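Structure, as structure tokens:
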Ligand SMILES: [Zn+2]
């Protein structure tokens, strides 16, 4: 009887742990590595993406996303390419992209970001490695005969966003300020609207074919133009209503963005985009 009890107990435990393992597998974020072009790869962690470049002398990684994602990426890179990670570059300071940098820094990767990103990472105590090298406008990173161009294009979705251009792969990695066939994220917290449109125009003048965003599908330069049109349409129409003295509700009723209705998140986020644009435009009009 005791033996039977024990067997039942063991079975119970193993079923329990199997269920736990299955639940864990379902909860685990989707992680994947896909080659974009040449030696440039795209790393996915659920809804977040970054890129990395493999060279004969080591690997340049970008946004770590979070510590668990970074640990997974580090072991995948070691297993697939057997090269050390030499540089880590942050697109901007926001916690959902920059977290986990210490995973790469602990192995000697040199951490690079815009100078304003370092200030915010320190000030806000972001859970990541503090940048060791910063720059203001432009920096060229060379490793193993390959080049990455880092550019600050002005304020947009934050005051410290940089883009990373991989000339051989004809790819631009740009996070959070150029969604592809998707409206802007919610209500523009931490955003600079007129400068955002200017930085999109600067991206259009850069030399690349493939746009690798921090969320969603890959795009092309045409998607940058389309998103600049959206932002111009949105802010232009909201400003016109605000100047007529219209309330937020009246503005929401008057602004017509229906030509973008096939974009992702249109129903959920475009009213929030109007909301955020209205608040920011009113602040600007008061001279704040
Ligand atoms: Zn962000």
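The values are calculated or read from the model by the stated rules, or taken from the named source; none is laboratory data. For clarity, every value in this text was computed on a predicted model and none was experimentally measured. Note: ideal-geometry Cβ built from the backbone for every residue, glycine included; neighbour counts use all protein chains shown.
May I ask you to list the residues in the stretch 240-284 that are surrounded by 17 or more Cβ atoms within 10 Å (Cβ to Cβ), more than 14 Å from residue 183 (Cβ to Cβ) and within 28 Å of the chain's Cα centre (by Cα)?
Correct list: 278, 280, 281.
Among the residues of the stretch 212-238, what is the count of those that are farther than 30 Å from residue 41 by Cβ and surrounded by 19 or more Cβ atoms within 10 Å (Cβ to Cβ)? Outline the logic, then answer.
Narrowing the stretch 212-238 to residues farther than 30 Å from residue 41 by Cβ: 229, 232-238.
Checking which are surrounded by 19 or more Cβ atoms within 10 Å (Cβ to Cβ) leaves us with 234-235, 238.
Looking only at that region, the number is 3.
For (1) touching a strand residue (DSSP E or B) at 6+ places or on another chain (Cβ under 7 Å); (2) assigned to a loop (DSSP other than H, G, I, E, B); (3) closer than 15 Å to residue 206 by Cβ, each residue gets a yes or a no:
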site: 100; (1), (2), (3): yes, yes, no
site: 148; (1), (2), (3): yes, no, yes
site: 156; (1), (2), (3): no, yes, yes
site: 172; (1), (2), (3): yes, no, yes
site: 176; (1), (2), (3): no, yes, no
site: 186; (1), (2), (3): no, yes, no
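Across the stretch 135-146, which residue is farthest from the chain's Cα centre (by Cα) among those that are part of a strand (DSSP E or B) and free of Cβ contacts under 8 Å to residues at least 40 places away in the same chain? So that I can check it myself, show each step before the final result.
Our first condition is that a residue be part of a strand (DSSP E or B); within the stretch 135-146, this holds for 135, 138-143, 146.
Then keep just the ones that are free of Cβ contacts under 8 Å to residues at least 40 places away in the same chain; that gives 135, 138-140, 142.
Numbers: 135: 20, 138: 19, 139: 20, 140: 21, 142: 23 Å.
The qualifying residue farthest from the chain's Cα centre (by Cα) is 142.
What are the pairs with Cβ atoms under 7 angstrom where one residue, in the stretch 76-99, is touching a residue at least 24 places away in the same chain (Cβ under 8 Å) and closer than 14 Å to residue 49 by Cα and the other, located anywhere, is more than 16 Å from the ligand (Cβ to nearest atom) and outside any loop (DSSP other than H, G, I, E, B)? Sequence gap at least six, or different chains.
The qualifying pairs are 89/60; 89/112; 89/150; 99/67.
Would you say residue 78 is surrounded by 18 or more Cβ atoms within 10 Å (Cβ to Cβ), under 21 Å from residue 57 (Cβ atoms) and away from the ligand (no atom under 16 Å from the Cβ)?
Against the criterion (surrounded by 18 or more Cβ atoms within 10 Å (Cβ to Cβ), under 21 Å from residue 57 (Cβ atoms) and away from the ligand (no atom under 16 Å from the Cβ)), residue 78 does not qualify.
So, of the residues in the stretch 81-93 that are outside any loop (DSSP other than H, G, I, E, B) and more than 16 Å from the ligand (Cβ to nearest atom), which turns out to be farthest from residue 152 (Cα to Cα)?
To start, the set of residues in the stretch 81-93 that are outside any loop (DSSP other than H, G, I, E, B) comprises 81, 85-89.
With the extra rule that they be more than 16 Å from the ligand (Cβ to nearest atom), the set shrinks to 81, 85-88.
Details: 81: 30, 85: 23, 86: 22, 87: 18, 88: 17 Å.
It comes out as 81.
Go through the residues of the stretch 116-134 one by one and say whether even a single one is within 15 Å of the ligand (Cβ to nearest atom), in contact with a strand residue (DSSP E or B) (Cβ under 6 Å, 6 or more places away or on another chain) and either assigned to a loop (DSSP other than H, G, I, E, B) or free of Cβ contacts under 8 Å to residues at least 60 places away in the same chain (or both).
Scanning the stretch 116-134 turns up no residue that is within 15 Å of the ligand (Cβ to nearest atom), in contact with a strand residue (DSSP E or B) (Cβ under 6 Å, 6 or more places away or on another chain) and either assigned to a loop (DSSP other than H, G, I, E, B) or free of Cβ contacts under 8 Å to residues at least 60 places away in the same chain (or both).
Please work out if residue 96 is within 28 Å of residue 76 (Cβ to Cβ), within 16 Å of the ligand (Cβ to nearest atom) and either surrounded by 21 or more Cβ atoms within 10 Å (Cβ to Cβ) or within 20 Å of the chain's Cα centre (by Cα) (or both). Give the derivation first.
Values: within 28 Å of residue 76 (Cβ to Cβ): yes; within 16 Å of the ligand (Cβ to nearest atom): yes; either surrounded by 21 or more Cβ atoms within 10 Å (Cβ to Cβ) or within 20 Å of the chain's Cα centre (by Cα) (or both): yes.
Criteria met by residue 96.
Can you tell me which residues in the stretch 158-184 are within 16 Å of the ligand (Cβ to nearest atom) and either modelled with pLDDT under 95 or more than 19 Å from residue 223 (Cα to Cα) (or both)?
Result: 158, 159, 160.
Quick one: count up the residues across the stretch 260-283 that are assigned to a helix (DSSP H, G or I), touching a helix residue (DSSP H, G or I) at 6+ places or on another chain (Cβ under 9 Å) and in contact (Cβ under 8 Å) with a residue 24 or more places away in the chain. Lay out the reasoning, then the answer.
Within the stretch 260-283, the subset assigned to a helix (DSSP H, G or I) is 260, 266-283.
Subsequent filtering for residues that are touching a helix residue (DSSP H, G or I) at 6+ places or on another chain (Cβ under 9 Å) retains 260, 266, 270-271, 273-282.
Now drop any that are not in contact (Cβ under 8 Å) with a residue 24 or more places away in the chain, which leaves 260, 266, 270, 273-282.
Selection size over the stretch 260-283: 13.
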